[in-house]
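No value in this document is a laboratory result; all are computed from the given coordinates. Predicted, not measured: the structure shown is a model, and the values here were computed from it. Ideal geometry is used to build each Cβ from the backbone, glycine not excepted, and the neighbour counts take in all protein chains shown.
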Amino acid sequence: MVVTWRAAALMGLGVVPVLLLPANGTVLVWATVVVVACVVDIVLAASPRRVAVQRLVPASVRLRSEATSELVVRNASGRRLRAVVRDAWGPSAGAGPGRGRSERVRPAPGGAGRHLVNLPDGEAARLPTTLVPTRRGDRTAGGVTIRSLGPLGLAGRQVTLPVPGRLRVLPEFASRKHLPSRLARLREMDGRAAVQIRGEGTEFDSLREYVVGDDVRSIDWRATARRREVVVRTWRPERDRRVLIVLDTGRTSAARVGAADSTGAPRLDASIEAALLLAALAGHAGDRVELVAFDRTVRSRVVGAAGPRLMPAMAESLATVDPVLLETDWPGVVTQVRTRMTQRALVVLLTTLDPAAVENGLLPVVDQLARDHTVVVASVADEEVAGLRAGRETVAEVYDAAAAARGDLERTAVTTMLRRYGADVVEALPDDLAPRLADEYLALKAAGRL
Amino acid sequence: MTAQPPAAPAPPAPTPPAAVSVAAGPIDEPPVIVGDDTTGRTRAASTWRRMRWPFLVFVVIALFVLFLAVVRPPTSADPYAPDNPEPGGGMAVAEVLKDQGVRVTHVTSVADAVAAAGPGSTLLVTPNPAFFADDQISSLNRTGADLVVLQPDFGLVAGVSRNTVDSTYGVAEGPVEPQCDDPAARAAGAVSLAPGLYDTSTGSDAVRPVLCWPDGSGNFAYARLDFPNRSVTMVNDPGVLRNGSVLEDGNAALALWMLGQNEDLVWLVPNPMDVSTGDDQPTPAERGQVNELMPPGSAPVALVAVLAAVLLALWRVRRMGPLVVEDLPILVRSAEATRGRARLYRAARARGHAAAGLRASAADRIASRLGLARSSDANTVVDAVVAATNRPSQQVADLLYGPPPADDAALAELARRLDILESEVHRP
């Protein structure tokens, strides 16, 4: 049972008869009239329990891009359906106002995902709602609420139907803008660029005839001796190397980084961006990419996806990874790497260079990893700390700067330790981490260290 | 925009119960939902299941309150009130008088007392926490009723006795005999009431007070004036009426004698906020008739407005479906650790630590810019900086490795000078 503002207005109109006949009895009669009108309206309203509702939602959408949740409402009540229909979504699904613009469907005032519906019996309509999700993961829809009003619009009936709906919000992959330039570098290294330069790399590719400009050091004297012309060896970057991306989803990945005046985003989001760019690049370079999201147990894993199947698998698998407030189990990470990688591989640890956490967690085990594999530790720096470091205005800011400087020193010490154990370290602000990690990968590839 | 939903079910039969019908579409086809699998009966049953315990608790509480109201007579906690059974109340005397056939009327304002009292009745005025106004006292005098005043203040003594009695402060010192010719006093015998009333009448006064129970210095506990049509009795000690002390000595006899003389007793327990006199025409507001001040018909209009407001509230209070729940994200800023450390430094005035951090960080950056190893010692760094900046060696050493700053201003100055030094260093 619901009443609308019209019922209150009708009651208010009772002032006129009461002024003409000022007595309490008049009020009673008028109130009875209003109640009877509301009851009649409720009885005449179309039953919202005889409306068939179906929710059509795309399976997945990228973070901050637009998706449409569509309700298909079919009036099987035997009466004209005058109703407000709400397509309920959680706040971070970013539902906008209703988008229908016809004589049967209009946006309703007063909230996201609300539609005014006027449907004759037996007909159906589509009610589109725009969703712009602001948070990664599975966004689950609420019920569909139908408030069916009577012909007078005074009162009506309301029901919330349990219509299922789920939208998987994939990572934004904003770092894909860095992909074309890195792919160009990769092609140059591969020797396939329009500008023909000698392919860098360490893997023997083929023999060909010497042309002026070739490096004389690459002349293959043994082959030259067998033939009459000078022959050079060509090299290409290694292919089919293995890349394992380990995403740390422990407690340090939950901390938010970003400018001081914004809510920021979790470190994990920047790590995911970097992982996606690296996976796209390594996939194009012909390497086999695997991913493990780990804190004390495996949260997500991508294994054996290659070619066009790699990036969808990565996005799908990273969509639902959330930070967990637990200390990461680094010996467990080592076990994971050992079981996954039997031969030499590039192991990228996307984690945080938090001195205390690293000293107790990563540092004791990193040499075990670096012995068998090429290890890169990538960490997200905080813009806000960088701002604190430069503060000199007040005494409090100077203390902030001193604390930030102390933190830097400790981080530098940890970085030095990691390098001494044979791991490469990449530390960058959230937006820079993905391209920096991609460059590191290209550098390793060019140097033949994969 | 009309569209046929894919795999829409046949319209359900118009007879209840409406049930959830899920169309078995192809794989990945979202289900079509009709109704929420309830009928009027199941909804009523679930409402009853949800509400029965709160309802039961409410009923039990209501029954308990009703039981208390029926079983316990209405009492109050006002001092000297005839319905107050506590030691400070007057219920004992009032109940005895009622049993003897005296009609006790409990009032709390002078206007009500003036309206209720008249010739042939007794008007009891219990102690006033505040003071009576002069016009209130004259109103009390004009009722024609016999007046009994307990513990009167100066103004009330003077007013009701026509300036023939005055009061002062006294302390009871054990039971004394009345030592006067007054029937009530003779009936009561020895009492220990605080004295404090004394005779100020002169020969020109028509009525002179009878004073009883003196102390050694001429103050009395009891005074009585017999005017032609009425009497005025004053008792300096209200203990004569209190439940807690009415049984001591002759208190009960005195109280019953004073208050039981007439069939009607008006029992005034003054309210300090009361300013009524009962004289003039009371205002409509005083009579509780606000309506007379309002334009005609305003009450029904107000009723209409209230009903409309109730409907507005019902309109606004109904949600458009339940809230959709969602896990909250973790909101911890990464910089909080740094800020917390800075506050610890500041709270502990750890200027030495803060300065050491700034210096080491600056030295680290300068060393890497000059191409020095991280393990270089202080002298190497200072020499390199001196070579790069042409500053005096002592000054550079002081800046980078000097003593901790003495106060916060020195710390800020050190940070500023380190910045300048760093900006001057370039790769040689």
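Just a few scattered comments:
- Footprinting exposure proxy for B:PHE227, A:PHE173 (fewest neighbouring C-beta atoms within 10 Å first): B:PHE227, A:PHE173
- Against the empirical curve 2.2 N^0.38 Å, the C-alpha radius of gyration of the protein assembly as shown lands at a ratio of 1.65.
- With each label modelled as a point 7 angstrom along the Cα→C-beta vector, the A:ASP431-B:SER376 pair spans 3.4 nm.
- Sorting B:340-346, B:240-246, A:58-64, B:369-375 by their mean Cβ neighbour count within 10 Å, with the most densely packed peptide first, gives B:240-246, B:340-346, A:58-64, B:369-375.
- Once the C-beta distance of B:ALA347 and A:ALA356 is scaled by a Förster radius of 30 Å, the resulting FRET efficiency is 0.90 to the nearest 0.05.
- Rounded FRET efficiency, nearest 0.05, which uses the C-beta distance separating B:ASP135 from B:ASP205 and R0 of 25 Å: 0.60
- Check: chain B dipole with +1 on Lys, Arg Cβ and -1 on Asp, Glu Cβ, in debye: 3120
- Gaussian network model of chain B, springs between alpha carbon atoms under 10 Å - residue of B:PRO87, B:PRO30, B:PRO195 with greatest fluctuation: B:PRO30
- The order of the peptides A:214-222, A:354-362, B:119-127 by mean Cβ neighbours within 10 Å, most packed first, is B:119-127, A:354-362, A:214-222.
- GNM flexibility winner over chain B from B:ASP215, B:ASP83, B:ASP364 (Cα, springs under 10 Å): B:ASP364
- Around A:ALA76: net Lys/Arg minus Asp/Glu count, Cβ-Cβ under 14 Å: +3
- Overall Cα dimensions of the stretch B:22-142, principal axis frame, Å, largest first: 99, 34, 25
- Number of partner chain Cβ atoms within 10 Å, mean per residue of A:21-34: 3
- Extending 7 Å from the Cα toward the beta-carbon at both B:ALA69 and A:ALA184 defines two label points whose distance is 8.8 nm.
- Rg and Dmax of the stretch B:49-208, Cα atoms only, in Å: 22.1, 87
- Diffusion constant of the stretch A:2-44 at 37 °C, which comes from Stokes-Einstein with the Kirkwood Cα-pair radius and 0.692 mPa s, µm²/s: 305
- Taking a ≥ b ≥ c as the square roots of the eigenvalues of the Cα gyration tensor, an a/c ratio of 1.5 or more together with a/b no larger than b/c marks chain B as oblate.
- Calculated FRET value between B:ALA44 and A:THR32, using beta carbons and R₀ = 30 Å, to 0.05: 0.75
- Helix A:267-284 axis versus longest C-alpha principal axis of chain A: approximately 60°, rounded to the nearest ten.
- Ranked list, fewest to most other Cβ atoms within 10 Å of each Cβ, for B:GLU336, A:GLU316: B:GLU336, A:GLU316
- Among beta bridges that DSSP assigns inside the protein assembly as shown, antiparallel share in %, nearest 5: 60
- Counting, for every residue in B:338-350, the Cβ atoms of other protein chains within 10 Å of its Cβ and taking the mean gives 5.
- The mean count of C-beta atoms from other chains within 10 Å of the C-beta of residues in A:256-264, rounded to a whole number, is 3.
- Of all the options A:GLU384, A:GLU290, A:GLU393, the one that moves most in a Gaussian network model of chain A with Cα springs shorter than 10 angstrom is A:GLU393.
- Adding -39500 (n - 2.57) for every DSSP H run of four residues or longer, then dividing by how many residues chain A holds, sets the calculated 222 nm ellipticity at -11000 deg cm²/dmol.
- Residues A:ARG239, A:ARG420, arranged from fewest to most other Cβ atoms within 10 angstrom of their Cβ, appear as A:ARG420, A:ARG239.
- Summary of the geometry: the stretch A:343-396 and the stretch A:273-304, compared by the centres of their Cα atoms, lie 19 Å apart.
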